[in-house]
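Colleague: Take this structure, written in structure tokens, and hold onto it; I'll ask about it next.
The values are calculated or read from the model by the stated rules, or taken from the named source; none is laboratory data. Not measured: the values here are computed from a predicted model. Reconstructed Cβ throughout: ideal geometry from the backbone, glycine too, with neighbour counts over all protein chains shown.
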Amino acid sequence: MARSLRRRPLLAALLLAACGPSGEAPDWAWLEPATWEGELLAETELARWVPRGLEQVQLPGRVILYRSGCELCGRHFDALRESPQAGALTLIRVPEQGDEALPQDARSRAPEHDHLELLSLARGYGVETPTVLLVDARGRITAVRNGA
């Protein structure tokens, strides 16, 4: 990992910023979206793992955490295509090893959307997908839903 980080200084800086007091890059991160209701999106634990930040999320809107190979995520996106909802949609991919080699990914089934990705970590993220965050015009999370 150290060799690839030397060639990617921005990624290295972001990983180090996400590190704890020991300064070691984490192998994985645990996210608990159910605890974020009522918080500003930009001040949640999620914000530290999105390289470009969450300030660019269009508000009001929905933010959906998904995995490329998650069939439940794909079915959720199919339902959104069939019954469009008002407001902006931002998808945030939760990366997993090998998901870039998938023949089709859940994102391709989503309606029109903005897209962000979490930093890639060696062991990934502990978070249920799909997770839907409803965010008001001020950036506050008003509801959290897990599953389809």
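Colleague: If you take the residues of the stretch 101-118 that are more than 15 Å from residue 69 (Cα to Cα) and in contact with a Phe, Trp or Tyr (Cβ under 8 Å, 6 or more places away or on another chain), which of them is surrounded by the most Cβ atoms within 10 Å (Cβ to Cβ)?
Modeller: Per the stated criteria, the residue is 118.
Colleague: Going residue by residue through the stretch 49-60, is there one that turns out to be in contact (Cβ under 8 Å) with a residue 24 or more places away in the chain, over 18 Å from residue 145 (Cβ atoms), assigned to a helix (DSSP H, G or I) and under 11 Å from the mean Cα position of the chain (by Cα)?
Modeller: The answer is yes; a qualifying residue exists.
Colleague: Taking the criterion of being at pLDDT 90 or above, more than 15 Å from residue 131 (Cβ to Cβ) and either assigned to a loop (DSSP other than H, G, I, E, B) or aliphatic (A, V, I, L, M) (or both), would at least one residue in the stretch 13-31 satisfy it?
Modeller: Within the stretch 13-31, not a single residue is at pLDDT 90 or above, more than 15 Å from residue 131 (Cβ to Cβ) and either assigned to a loop (DSSP other than H, G, I, E, B) or aliphatic (A, V, I, L, M) (or both).
Colleague: Residue under question is residue 121, and the condition is that it be surrounded by 14 or more Cβ atoms within 10 Å (Cβ to Cβ) and at pLDDT below 90; does it hold?
Modeller: Judged against the criteria, residue 121 is a match.
Colleague: When you look at residue 128, is it out of contact with any Phe, Trp or Tyr (no Cβ under 9 Å at 6 or more places or on another chain) and under 16 Å from residue 45 (Cβ atoms), yes or no?
Modeller: yes
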